Amino acid sequence: MGASEAATFSGVVQLRRSLHRIPELAFEEERTAECVLAALAPLGLTTTYGGRGTGIVARLRGRVSSSPVVALRAEMDALPGQESTGLPFASEHPGRVHSCGHDAHMAVLVEAARLLAADPPEGDVVFIFQPAEERGRGARVMIAAGALDGVRAVFAGHVTRHYKVGHIMVTEGAVTARSDRFVLHVHGRGGHGARPHEAVDAVVVAGLLISALQTLVSRETDPLEPTVVTIGRIVAGIAANVIAEEALLEGTIRTTTPAVRDSVHRGIRRMAEAAGTLHNATVRVDIIEGNPPVINTSREAEICRRAAEAVLGPRGVVPQEHPSMGAEDFSFYLNQVPGCYVRFGACGEGQSYVPLHSPAFTIDESVLDIGARFFERVVREAQQTLGRSP
């Protein structure tokens, strides 16, 4: 690595570390936005930022005004939690942590903008820095603000320690699952813990539902159809000697096909009604629609494959055997324009797997340079390809 390359790498690393120190939750990314805007300022891009609760849209003008416009997207928000990495640049905000790699995504996109600004491509490039991916609404905010206006294709990526540094996962079709959230409100009849016959125990009904709902996956869904039903939160009871009158269960549903999704929704309602009838309680079901699945279009996946091979060689490109059961609001962009979502290997030599959202999650920082060079190449490949097609 030459002196100029080393300085550049040092710059993108420092930006990532600066962002890592100041994690902010969904729709609160003010200091984060200030840091990104400061990093973009020397590049001569046109930038717009609406303040708290909004994102940044930066535009690089290409050499030919009629050439296709390509967009790149990164997320800005962090997660609740207490960091346990022990890094010298760990979170300075108690209870907030960049445990999903969004600090890396922003740094990669800024560095890609620097590379492209140094040698402008044919067409314009739109850099989208989006709030609130974790809450699943940030993409819709950016789309409503016009971030995709005139855009022909959109691309994004995510760091992961599922893959080693030097690998980029590229696949066409479904990449992530559809996510929905459900809430079960159990209403029984409270009473004294010593006289259960006088009450209808909401905890008993909740316990029955916890076990029963798992059979929607294990006994009612084709094993070849990836499906998850997880209950992540339970609230019930006020004292050890009081039979709970109410219980609340909240969970998530992950599916990859509409038929399975509909079946799981119907099954939750059916089991909730049956459990209530069995124990003389009432159970109200609320199902809240979440993110659609991320489905990469074939042409844009091929563009990403060529770009990844140009940066890393053919052995650096790996497929995804099965869709992730995680969810991503990048799907809302893909509902508007074609695009592709990739994953960057961020597990370094000698490191073991650490899942996203873990308070111990971090990356091998050499992925930052790989991601930036990949996005630069994607823009040029996409504009050449799209320029030849209607």
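What follows is calculated from the coordinates using simple rules that are stated; it is not laboratory data. Note that the coordinates shown come from a computational prediction; the quantities given were computed from them, not determined experimentally. Glycine gets a Cβ as well: all are built from the backbone with ideal geometry, and neighbour counts include every protein chain shown.
Between helix 258-279 and the chain there is an angle of about 20 degrees, using the helix long axis and the longest principal axis of the Cα atoms.
Using a simple spin-label model with pseudo-atoms 7 Å out from Cα toward Cβ, residue 38 and residue 228 lie 3.6 nm apart.
Stretched out straight at 0.36 nm per residue, the stretch from residue 336 to residue 287 would grow longer than its current Cα-Cα span by 15.2 nm. Taking GluC sites (Glu not before Pro) in DSSP loop conformation with at most 15 other Cβ atoms inside 10 Å as exposed sites, the chain has its longest uninterrupted site-free stretch at 93-219. Express as a percent, rounded to the nearest 5, the fraction of DSSP beta bridges in the chain (both residues included) that run antiparallel. If we restrict to bridges inside the chain, about 65 percent are antiparallel. Which parts of the range 228-242 would a label at residue 192 reach, counting a residue when its backbone N lies under 12 Å from a point 7 Å out along Cα-to-Cβ? Label zone hits: 242. Residues in the range 167-199 near a label at residue 322, defined as backbone nitrogen under 20 Å from the 7 Å Cα→Cβ point? Residues passing the 20 Å test: 169-180.
Counting neighbouring Cβ atoms within 10 Å and putting the fewest first, the residues 49, 163 line up as 49, 163.
Rounded to the nearest 0.05, what FRET efficiency do residue 280 and residue 353 have when you use their Cβ-Cβ distance and R0 = 56 Å? Walk me through the intermediate numbers first.
Details: r = 47 Å, r/R0 = 0.85.
Result of the calculation: an efficiency of 0.75.
For the chain, a Gaussian network of Cα nodes joined below 10 Å ranks 366, 18, 218 by mean-square fluctuation, and the top entry is 218.
Compute the distance from the alpha-carbon center of the range 141-170 to that of the range 34-107, in whole Å. Measuring centre to centre over Cα atoms gives 13 Å. Relative to the longest principal axis of the chain, what angle (0 to 90°, nearest 10) does the C-alpha long axis of helix 202-218 take? Between helix and principal axis, roughly 50 degrees. Where the alpha-carbon atoms of the range 1-126 are placed on the principal axes, they occupy 48, 39, 20 Å, in descending order. Computed from phi, the 3J(HN,Hα) profile of the range 178-184 under the Karplus parametrisation 6.51, -1.76, 1.60 (θ = phi - 60°) reads 7, 10, 9, 10, 10, 10, 10 Hz, with x in place of Gly and Pro. For the range 285-359 versus the range 258-280, the spacing of their alpha-carbon centroids is 32 Å. Subtracting the Cα-Cα distance of residue 214 and residue 298 from 0.36 nm times their residue separation leaves 26.8 nm of extension gain.
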